[in-house]
Amino acid sequence: MQIVHTPEALRSVCAEWRREGLTSALVPTMGYYHAGHASLIEYARSAADRVVVSLFVNPTQFGPNEDLEAYPRDFERDAALARDLGADLLYAPAPESMYAPDHAAWVEVPALAGTLCGVSRPIHFRGVCTVVMKLFMLTLPTLAVFGEKDWQQLAIIKKMVTDLNVPVRIEGRPIVREADGLALSSRNVYLTPEERAQAPSLRRSLLRAAELAAGGERDAAKIAEAVRTFLREQLPLGEEDYISIVDPDTLAGVERIGQAALCALAYRVGKARLIDNILLRP
């Protein structure tokens, strides 16, 4: 596996692949890998001739008083895992390589970014879209792979690619979970033992929402309130950021469960902000 640190080096390697007629898959990450990241890289390995993994804690997607400095990092471990999983190229730039001091251009999808996580993190998705677009321009991949835990991010990236005619296929991959149901996240390391013991309640609350929808409940507000009530009892160490039921594609709120809907939530549990979601099918 080759490791490069500059946009120029990344562009050069990917251009050579294209000259050779090879397909490529991009897996954008912020590092501190777990089995969820592994599943994305493994899928990319199966779907393209070459795999490029980016490892970059992107400062522009962190707001004031968020965890940019505290975000867990372990480059040597991550590089070894990426190599063992079959990545051909690891791109690990310094922030100054990605953003010049006078950087002034941004990519946004306001219609989808202003809800769910975007309410409490208003600049987050602007930073995500901008860094992902930069990675697309540098690598020109055949496909790019994202996890479905960050469903809003996935929907926004799909919309960005569609609206800007970016010639890359976006693939979403299922959430990977601990045995007790907690969605894997690099931020799970922030949890204390007591918080970790309660955190799987997030998944159980979503399963309860799915049960209600499958059982005939069509009122989205009633389902959301059932989730809220469950978590008040089962996750007393947590604080709700949001519990929402939305259209899976547009992220617009829904009042009635007709076709598939997405129940998404975010909770602050100690120092961690945890997100999860489930599709509701009538």
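Computed from the coordinates by the stated procedures, all read-outs in this text should not be read as laboratory data. In this text, all values refer to a predicted model and were calculated from it rather than measured experimentally. Cβ: placed from backbone, ideal geometry, glycine included. Neighbour counts: every protein chain shown.
A few notes on this one:
- What the Cβ-Cβ distance of MET1 and ASN165 gives, at R0 = 41 Å and to the nearest 0.05, is a FRET efficiency of 0.80.
- Estimated FRET transfer efficiency when R0 is 41 angstrom, pair ARG73-ARG256 (beta carbons, to 0.05): 0.40
- Spatial separation of Cα centroids for region 122-165 and region 11-87, in angstrom: 14
- For region 1-149, the ratio of Cα radius of gyration to the globular rule of thumb 2.2 N^0.38 Å stands at 1.04.
- Inter-label distance, GLU178 to ASP102: 4.9 nm, where each label sits 7 Å from its Cα along the C-beta direction.
- Within region 242-264, backbone nitrogen closer than 18 Å to the virtual label 7 Å beyond the Cα of SER120 toward Cβ: 242-246, 263-264
- Residue of THR130, THR192, THR29 that the Gaussian network model of the chain assigns the largest fluctuation, springs spanning Cα pairs under 10 Å: THR192
- Net charge of neighbours whose Cβ lies under 13 Å from the Cβ of PRO7, counting Lys and Arg as +1 and Asp and Glu as -1: 0
- Entry for region 186-276 at q = 0.18 Å⁻¹: log10 I(q)/I(0) = -0.76, Debye formula applied to identical alpha-carbon scatterers, no solvent contribution.
- Net charge in the neighbourhood of ILE41 (other residues with Cβ under 15 Å of its Cβ; Lys, Arg +1, Asp, Glu -1) is -1.
- Mean sequence separation of contacting Cα pairs (under 8 Å, at least six apart), scaled by the length of region 44-195, corresponds to a relative contact order of 23 percent.
- Alpha-carbon gyration tensor eigenvalues x 5, square-rooted, for the chain, Å: 33, 20, 18
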